[in-house]
Amino acid sequence: MVVVHRAHGFRVVIYTQDHEPAHVHIVGAGRAKINLFGPDGRPEVVDVVGIKKSDMRRLLSEVMEHRDRFMREWERIHGRSD
């Protein structure tokens, strides 16, 4: 597990033994999984457990803001998927 960002009391992580599509996990007081690119090209929330909606909105904004860097980290860890 590689911590790629911290925000609002949560960690944004990428697991080294993970699968595509490129995504991040949010870990803290609850957990979530967010694909970096959904069908419309924006980050897509896949799963949320135990995170308040207000916190999730702020965390999704963080993922949107830092998505390019998270994608570079995903590719560094997992390689490119062309």
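Just so you know, all these numbers are worked out from the coordinates, no wet-lab data involved. Values in this document were obtained by computation on a predicted structure and should not be read as measured data. All Cβ positions, even for glycine, are placed from backbone atoms using ideal geometry, and neighbour counts span all protein chains on display.
When you scan the range 36-52, do you find a residue that is of a type in the set (Phe, Trp, Tyr) and surrounded by 16 or more Cβ atoms within 10 Å (Cβ to Cβ), even just one? Walk me through how you get there before you give the answer.
The initial filter retains those residues of the range 36-52 that are of a type in the set (Phe, Trp, Tyr), namely 37.
Imposing the further condition that a residue be surrounded by 16 or more Cβ atoms within 10 Å (Cβ to Cβ) reduces the set to none.
Within the range 36-52 (the criterion being of a type in the set (Phe, Trp, Tyr) and surrounded by 16 or more Cβ atoms within 10 Å (Cβ to Cβ)), the answer is no, since none of the residues qualifies.
Test ARG67 against the criterion of being of a type in the set (D, E, K, R) and assigned to a helix (DSSP H, G or I), and give yes or no. Show your work before the answer.
Numbers: of a type in the set (D, E, K, R): yes; assigned to a helix (DSSP H, G or I): yes.
Yes, satisfied.
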